[in-house]
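K.L.:
What follows is a structure written as structure tokens; I'll ask about it next.
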Amino acid sequence: MELFFNNKPETKADLKESVNYEKIYDTAIYGAGPAGLSAALYTLRKNMKTALISKDIGGQVITTWDVENYPGFKKIGGYDLSKKMEEQITQFPIALDEGVSLVKLEKKSVFEAHLDNGKVLKSKTVILALGKKYQELGVKGEKKFTGKGVSYCSTCDAPLFKNKTTVVAGGGNAAAEALLELSKIASKVYAVIRKEHFRADPVLIQKIEETKNIEILFNHSIQEISGNEFVEKVMIQKKDTNEVKTLETDAVFVEIGLVPNTSFECVPSLTINDQKEIRVNNKGETNIKGLFAAGDVTDIPEKQIVIAAGEGAKAALSAFRYLQNQ
């Protein structure tokens, strides 16, 4: 089987180009978080003709305040880490379209991906690295005040609430990181946690407990978000007594988890689990030949940046070997 090979560029003048929808690529990667960018690095180094399609570059990483557990960096901002990954893949000529999402994927003689820009991208293999999206509270006032005090990204919006009062909903690592980030900016931060304890890493919990302007409210859930033009109040309820009280706040940061981006249509059907994650084996293979998946969109345990990057590399190498055997 003949592969379409790219030559490594001699200069940086022609590194990145738009996707040519008239071509058939060796592989198309959907998603440009750590898994997708790592996969692209490996397919490009294997001289595979690669198209990268993503709504954004960096995925969840760009919303992370500080990354302290990625090898090679004692501490690095999530945005900075994603930029370094992007710069690494643009050493090679890569077809990249940003701001585009996958709507439908079909396997015919080659894979045909229908995108929300109305175009169809053809490729011999596909790597799905779509990651996850923020989960909503589903309470009254949440949608009304989204962008007006309700936020799903503390890294993005925390600076807007300097010396203000804020609320963080959630008890996992994302919520813990948001609490610590906001504590350095806001005058007061409430932690509203449904359970009796945090689910975050011990090192984060210790930092939170040592931070004086964070008030922790265990066994509480948000019932309603209200205000006039912007968020002004949050109604919370205590689980064991059903007691309801109101917190005055300028913002609500929702950090209750993420759901996989698997809402696209796939023909034939893609096997997913009850958490809507794509099932993969230890090679990153799905139930469809030539279709691979990596990162947080899959059923691999432990959703970590370093693991997603490794899984992306693995999926890329599996795609390369698949093409070699055709």
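Derivation of every value follows stated rules applied to the coordinates shown; laboratory data play no part. The structure displayed is predicted, hence computed values, not measured ones. Here Cβ is always computed from backbone atoms with ideal geometry, including for glycine, and neighbour counts include all displayed protein chains.
K.L.:
Please give the peptides 198-204, 88-94, 147-153, 208-214 ranked by average Cβ packing (other Cβ atoms within 10 Å per residue), highest first, as a rough proxy for protection. Don't jump to the answer; show the numbers that get you there.
P.N.:
Working: 198-204: 15.4, 88-94: 18.1, 147-153: 19.9, 208-214: 13.1.
So the peptides 198-204, 88-94, 147-153, 208-214, ranked by packing, come out 147-153, 88-94, 198-204, 208-214.
K.L.:
Right, something else. How would you order 269-276, 217-224 from highest to lowest mean count of nearby Cβ atoms within 10 Å? Each step should come with its number before you reach the end.
P.N.:
Numbers: 269-276: 12.5, 217-224: 17.4.
Most protected by this proxy first, the peptides run 217-224, 269-276.
K.L.:
No partner Cβ under 4.7 angstrom, meaning no disulfide-compatible partner by this rule: which Cys of the chain qualify?
P.N.:
For the chain, the answer is CYS266, because their Cβ atoms have no other cysteine Cβ under 4.7 Å.
K.L.:
For a quick protection proxy, order the peptides 312-323, 64-75, 37-48 by their average other-Cβ count within 10 Å, most packed first. Don't skip to the answer; put the middle values down first.
P.N.:
On the way: 312-323: 23.2, 64-75: 13.4, 37-48: 24.8.
So the order, starting with the most tightly packed, is 37-48, 312-323, 64-75.
K.L.:
Out of every Cα-Cα pair in segment 150-254, what percent are more than 24 Å apart?
P.N.:
On the way: 837 of 5460 pairs.
Counting every Cα pair in segment 150-254, those more than 24 Å apart make up 15 percent.
K.L.:
If you add up the charges near ARG194, with Lys and Arg at +1 and Asp and Glu at -1, over every other residue whose beta carbon is less than 11 angstrom from its beta carbon, what do you get?
P.N.:
Summing Lys and Arg as +1 and Asp and Glu as -1 gives +3.
K.L.:
Hey, can you grab everything whose amide H is under 5 Å from the amide H of GLY58? Only 5+ residues off in sequence or another chain; H modelled, so Pro and N-termini drop out.
P.N.:
Result for GLY58 returns ALA32, GLY33.
K.L.:
Using the Kirkwood radius over C-alpha pairs as Rh, can you work out the diffusion coefficient of the chain via Stokes-Einstein at 4 °C, viscosity 1.567 mPa s, in µm² per second? Don't skip to the answer; put the middle values down first.
P.N.:
Working: Rh = 21.0 Å.
The estimated diffusion coefficient comes to 62 µm²/s.
K.L.:
Still on this structure, I have one more. Could you give me the ³J(HN,Hα) list for segment 309-317, computed from phi with Karplus coefficients 6.51, -1.76, 1.60 and θ = phi - 60°, whole Hz, x at Gly and Pro?
P.N.:
Per residue, the Karplus-derived 3J(HN,Hα) values read 4, x, 5, x, 4, 4, 4, 5, 5 Hz.
K.L.:
Around PHE145, with a cut-off of 14 angstrom between Cβ atoms, what is the net charge of the other residues, counting Lys and Arg +1 and Asp and Glu -1? List each step's numbers first, then the result.
P.N.:
On the way: positive: LYS140, LYS143, LYS144, LYS148, LYS233; negative: GLU136, GLU142, ASP157, GLU224, GLU229, GLU232, ASP250.
So the surrounding residues net to -2.
K.L.:
Under 5 Å between amide hydrogens, which residues at least 5 positions from ASP66 or on another chain qualify, with H placed 1.01 Å from N in the peptide plane?
P.N.:
Residues meeting the criterion, in which the H sits 1.01 Å from N, are GLY78.
K.L.:
Let's see if you can work this out: charge +1 on each Lys and Arg Cβ, -1 on each Asp and Glu Cβ, no other charges. What is the dipole magnitude of segment 150-254 about its Cα centre, in debye to the nearest 20?
P.N.:
Numbers: 13 positive and 15 negative charges, 25 e Å.
So the magnitude is around 120 debye.
K.L.:
For segment 130-138, in order, what is each residue's ³J(HN,Hα) by Karplus, 6.51 cos²θ - 1.76 cosθ + 1.60 with θ = phi - 60°, in whole Hz (x at glycine and Pro)?
P.N.:
With the stated coefficients, segment 130-138 comes to 7, x, 10, 10, 5, 8, 9, 6, x Hz.
K.L.:
Determine the distance separating the Cα centre of segment 266-305 from the Cα centre of segment 121-191; give it in Å without decimals.
P.N.:
Cα centroid to Cα centroid, the span is 25 Å.
K.L.:
What is the set of long-range amide H partners of LYS133 at a cut-off below 5 Å, with H atoms built 1.01 Å from backbone N?
P.N.:
VAL259, ASN261
K.L.:
Hey, another quick one. When we measure straight from the Cα of LYS140, which lysines land under 23 angstrom away, once same-chain ones fewer than 8 places off are left out?
P.N.:
Within the straight-line limit of under 23 Å, LYS140 reaches these lysines: LYS148, LYS164, LYS195, LYS233, LYS238, LYS239, LYS245.
K.L.:
Right, here's the next one. Neighbour counts of other C-beta atoms within 10 Å: give me GLU196, GLU285, GLU177 arranged from fewest to most.
P.N.:
Numbers: GLU196 10, GLU285 19, GLU177 25.
Ordered by Cβ neighbours within 10 Å, fewest first: GLU196, GLU285, GLU177.
K.L.:
Then there's this: Which ³J(HN,Hα) values, rounded to whole Hz and listed in residue order, are derived for segment 205-216 from phi using the Karplus coefficients 6.51, -1.76 and 1.60 in 6.51 cos²θ - 1.76 cosθ + 1.60 with θ = phi - 60°, glycine and proline given as x?
P.N.:
4, 4, 4, 5, 5, 8, 9, 6, 8, 9, 10, 9
K.L.:
Nearest-5 percent of antiparallel DSSP beta bridges in segment 82-235? Could you put the intermediate results ahead of the total?
P.N.:
On the way: 13 of 24 bridges.
Percentage antiparallel, nearest 5: 55.
K.L.:
A further question follows. Nearest 5 percent is fine: what portion of the DSSP beta bridges confined to the chain is antiparallel? All intermediate terms of the calculation are to be shown ahead of the outcome.
P.N.:
Numbers: 28 of 68 bridges.
Taking every DSSP beta bridge with both residues in the chain, the antiparallel ones total about 40 percent.
K.L.:
Treating the angle as unsigned and between 0 and 90°, give the value, to the nearest 10°, between the Cα long axis of helix 173-183 and the longest Cα principal axis of the chain.
P.N.:
It is inclined by approximately 60 degrees.
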